Amino acid sequence: MSIILAIESSCDDTSAAVMREGILISNCIANQSIHAAYGGVVPELASRAHQQNIIPVVDEALKQAKVSKNELTAIAVTQGPGLLGALLVGNSFAKSMASALEIPLIAVNHMEAHVLAHFIEEPYPKFPFLCLTVSGGHTQIVKVDDFNKMEVIGETRDDAVGEAFDKTAKMLGLPYPGGPLIDRYAKLGNPEAYSFPIADIPALDYSFSGIKTAVLYFLQREEKKNPNFVEDHLNDICASVQKNLIDSLLQKLVKASKQYKVREIAIAGGVSANSGLRGELERVKTKYKWNVHVPAFEYCTDNAAMIAKAAYYLNQAGVYASVYTSPDPSKRF
Ligand code: KG4
Ligand code: ZN
């Protein structure tokens with residue numbers, strides 16, 4: 001019987017979850033609102049907030065699960081990728097707790113965990129499947145052959161798509177994180193109102209740095225004619241930018257599906273909460289004969305439940321970390 005406590009602290013959410021034999025029994029998250037005032041995550045502030053949050057969040061996760069720390073069989077933690085200072089808080093805490101309780105430590109890759117979030121609740125995707133992992137720091141197409149066997153077959157060469165959402169939102173005067181706000185205003189706007197170019201990148205890779213420059217020049221041009229342009233056309237701008245980002249994501253996903261002859265398609269990461277992306281997948285799935293898997297909202301953005309699930313499979317495979325393990329801010333698969 002495995003009872004795993006998992007800790008996630010890679011960016012701006014402190015989260016702890018408890019999983020018994022692969023079944024999630026608690027998942028608590030403390031969000032950090034402090035960054036909104038700065039238009040982006042301030043790493044040093046994130047580390048300090050993690051330090052303040054980690055004990056109450058872990059306590060709450062154990063309490064909600066009705067599990068005492070002496071019943072735990074392993075502690076899991078996000079080793080990376082993520083912000084070094086933020087990861088250090090979770091890793092130091094997890095290592096100390098595992099040593100004190102004399103139980104194994106499991107080091108989890110945050111991006112693999114986003115993919116494995118699909119196995120928190122049924123129906124599970126079937127192997128092999130393609131997972132479009134879209135977050136604030138990453139944009140990847142991952143070919144998933146098994147729980148512990150996955151490969152990145154395409155990724156962004158510069159900004160992540162979440163960054164493109166957040167940076168566009170910032171230009172429009174919206175607070176951080178702007179992705180969910182663009183999503184909200186886009187629902188009220190016309191996606192065909194304005195058009196922006198899609199970067200022509202070889203193979204299955206992406207580029208999202210050009211769109212922010214395109215939007216910046218577009219806004220400068222329009223604001224010369226009408227200083228209230230953003231205010232007057234916010235919904236249409238959001239809808240048009242969102243359409244551009246979704247079209248770009250789907251172009252390569254379609255290409256990957258054809259190239260690898262895989263029609264089992266999943267999306268993961270914070271941007272997979274986007275209603276436009278979800279709607280578009282729903283719309284095109286019959287055309288491409290795709291079986292589409294979209295995680296529940298709470299498992300799209302950063303959470304410890306996905307870390308617990310990834311740890312559950314590592315535990316089954318007997319893969320443990322030493323107490324000398326360090327966080328790895330640029331951890332790869
Ligand atoms: O996976 P995540 O919580 O953290 C990282 O690992 O980065 O992803 C956060 C990103 C942010 O860029 C945020 O703006 C974006 O996900 N996001 C969204 C939506 N919800 C979160 N972007 C577009 N539409 C949304 N509904
Ligand atoms: Zn993430």
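Output the residue which, of all residues in region 249-289 that are surrounded by 21 or more Cβ atoms within 10 Å (Cβ to Cβ) and in a loop (DSSP other than H, G, I, E, B), is farthest from ligand 2 (Cβ to nearest atom).
Only one residue fits best here, namely ASN274.
Can you give me the ranges of the strands (runs of 3 or more DSSP E) entirely in region 1-61 with at least 2 residues that are free of Cβ contacts under 8 Å to residues at least 60 places away in the same chain and either outside the structural domain of ALA86 (by TED's automatic domain parsing) or open to solvent by 20 Å² or more (accessible area, probe 1.4 Å) (or both)?
Per the criteria, 23-31.
Could you grab me the full set of residues in region 233-256 that are more than 14 Å from ligand 1 (Cβ to nearest atom) and among the aliphatic types (A, V, I, L, M)?
Correct list: LEU234, ILE237, LEU250, LEU253, VAL254, ALA256.
Could you tell me how many of the residues in region 297-318 are within 13 Å of ligand 1 (Cβ to nearest atom) and open to solvent by 10 Å² or more (accessible area, probe 1.4 Å)?
Of the residues in region 297-318, 5 are within 13 Å of ligand 1 (Cβ to nearest atom) and open to solvent by 10 Å² or more (accessible area, probe 1.4 Å).
Residue under question is ARG184, and the condition is that it be touching a helix residue (DSSP H, G or I) at 6+ places or on another chain (Cβ under 9 Å), within 16 Å of ligand 1 (Cβ to nearest atom) and either under 28 Å from LYS289 (Cα atoms) or of a type outside the set (A, V, I, L, M) (or both); does it hold?
yes
Determine if region 101-111 includes at least one residue that is at positive phi and of a type outside the set (A, V, I, L, M, F, W, C). Reasoning before the result, please.
Restricting attention to region 101-111, the residues satisfying the condition of being at positive phi are 102.
Still in the list and also of a type outside the set (A, V, I, L, M, F, W, C): 102.
Yes, region 101-111 contains a residue that is at positive phi and of a type outside the set (A, V, I, L, M, F, W, C).
Considering region 90-104 alone, what residues qualify as being open to solvent by 10 Å² or more (accessible area, probe 1.4 Å) and either in contact with a His (Cβ under 8 Å, 6 or more places away or on another chain) or not β-branched (Val, Ile, Thr) (or both)? Steps first, please.
Of all residues in region 90-104, those open to solvent by 10 Å² or more (accessible area, probe 1.4 Å) come to 92-93, 95-97, 99-104.
Residues satisfying the conditions are SER92, PHE93, LYS95, SER96, MET97, SER99, ALA100, LEU101, GLU102, PRO104.
Can you spot a residue in region 204-222 that is surrounded by fewer than 21 Cβ atoms within 10 Å (Cβ to Cβ) and aromatic (Phe, Trp, Tyr)?
yes
Taking only pairs six or more apart or across chains, which ones have beta-carbon atoms under 6 Å, a first residue in region 107-123 that is under 18 Å from LEU5 (Cα atoms), and a second residue that is among the hydroxyl-bearing types (Ser, Thr, Tyr) and not in a helix (DSSP H, G or I)?
ALA107/THR325; VAL108/THR78; HIS110/SER10; HIS110/THR78; HIS114/THR133
Is it the case that ILE120 is of a type in the set (Val, Ile, Thr) and touching a Lys or Arg at 6+ places or on another chain (Cβ under 6 Å)? Break it down stepwise before answering.
Details: of a type in the set (Val, Ile, Thr): yes; touching a Lys or Arg at 6+ places or on another chain (Cβ under 6 Å): yes.
Criteria met by ILE120.
The values are calculated or read from the model by the stated rules, or taken from the named source; none is laboratory data. Given the structure is predicted, the values throughout are model-derived calculations rather than measurements. Reconstructed Cβ throughout: ideal geometry from the backbone, glycine too, with neighbour counts over all protein chains shown. What goes into the accessible areas is simple: the full protein's heavy atoms, side chains included, and nothing from ligands, DNA or RNA. Shrake-Rupley method; radii C 1.70, N 1.55, O 1.52, S 1.80 Å.
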